[in-house]
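Quick one: the structure is below, questions incoming.
The values are calculated or read from the model by the stated rules, or taken from the named source; none is laboratory data. Please read all numbers here as calculations on a predicted model, not as lab measurements. In this analysis, Cβ positions are derived from the backbone assuming ideal geometry, glycine residues included, and neighbour counts consider all displayed protein chains. These accessible areas exclude ligands, DNA and RNA; they are computed on the full protein's heavy atoms, side chains included. Shrake-Rupley method; radii C 1.70, N 1.55, O 1.52, S 1.80 Å.
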Amino acid sequence: MAQAKIHQAKMTEAANGKFSRSMSMADRSGRLLESLDQLETRVEALREAATSMEQERECLLDMIQSIKNSEEMRSICDGEREELSLTANRLLGRTLTVEISVEIIRNSTQEDALRKATSLIDELVAKLLDDMGGARKCLMALHAACVTEAPPVPIDTKFQTIVITCALEDQKKIKRRLETLIRNVDNAEKNIKIMDHQKVDDLNSANGK
């Protein structure tokens, strides 16, 4: 009978020990899960910060190029223009030394959509020199497909369907690329008009008018 009591006590102790270990594992699992949740928040914050830096790099490059090609740069004397151009080129070079890459996770459908969207934009870029005005209208239609508010221009519905299929990060990049292209086209048209106006002025001066 004494042996039976000892055996029962051992069984009870073993059962209690197993239950205690099980609770400890659950607590440990919960702590690990909480740590991973916190790390996930930091990882997403890191990606957002890197994306923001990537956009800032693009913005800086665009602003430097705009200053280099601006009307104000053409209106100053050659010596000052040369000095400012050297400074702009130095800033351009330093900005280009900063490389930021945020890999976008895509499925096969999103990859195919990105290829189609990129191809359509590249085709328009190739046509810019031949028909800048027509290409600009097409760029505006593509850009209208990327915005949520009602645009004042026609929307390229085919492109809109493609963009919607892209990953969200790619949608934002496509929109920014189109905005940069449209801005560059506007600047180019402005510069062409300025150069043409200067040519007319020079011709009039040569003719004594």
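Scanning for something out of contact with any Phe, Trp or Tyr (no Cβ under 7 Å at 6 or more places or on another chain), among the small types (G, A, S), assigned to a helix (DSSP H, G or I) and within 27 Å of N184 (Cα to Cα), does the stretch 26-49 turn up at least one residue? Talk me through it step by step, then tell me what you get.
Narrowing the stretch 26-49 to residues out of contact with any Phe, Trp or Tyr (no Cβ under 7 Å at 6 or more places or on another chain): 26-49.
Still in the running and among the small types (G, A, S): 26, 29-30, 35, 45, 49.
In the following step, the residues that additionally are assigned to a helix (DSSP H, G or I) were identified as 26, 29-30, 35, 45, 49.
Narrowing further to those that are within 27 Å of N184 (Cα to Cα): 49.
Yes, the stretch 26-49 contains a residue that is out of contact with any Phe, Trp or Tyr (no Cβ under 7 Å at 6 or more places or on another chain), among the small types (G, A, S), assigned to a helix (DSSP H, G or I) and within 27 Å of N184 (Cα to Cα).
Let me ask another. Restricted to the stretch 90-100, and to residues that are under 25 Å from I182 (Cβ atoms) and of a type outside the set (V, I, T), which residue is nearest to the chain's Cα centre (by Cα)?
That would be L96.
May I ask you to list the residues in the stretch 45-74 that are open to solvent by 90 Å² or more (accessible area, probe 1.4 Å) and either farther than 26 Å from E179 by Cα or in contact (Cβ under 8 Å) with a residue 40 or more places away in the chain (or both)?
Kept after step one, since they are open to solvent by 90 Å² or more (accessible area, probe 1.4 Å), are these residues of the stretch 45-74: 46, 48, 53, 56, 63, 67, 71-72, 74.
Matches in the stretch 45-74: M53, E71, R74.
Please state which of the following conditions V98 fails to meet, knowing it meets all the rest: (1) within 30 Å of R47 (Cβ to Cβ); (2) outside any loop (DSSP other than H, G, I, E, B).
(2)
Being assigned to a helix (DSSP H, G or I) and among the polar types (S, T, N, Q) is the filter here; which residues of the stretch 60-88 pass it?
Q65, S66, S75, S85, T87
Let me ask something else. Of the residues that make up the stretch 145-154, is at least one more than 29 Å from E48 (Cβ to Cβ) and touching a Leu at 6+ places or on another chain (Cβ under 6 Å)?
No, the conditions are met nowhere in the stretch 145-154.
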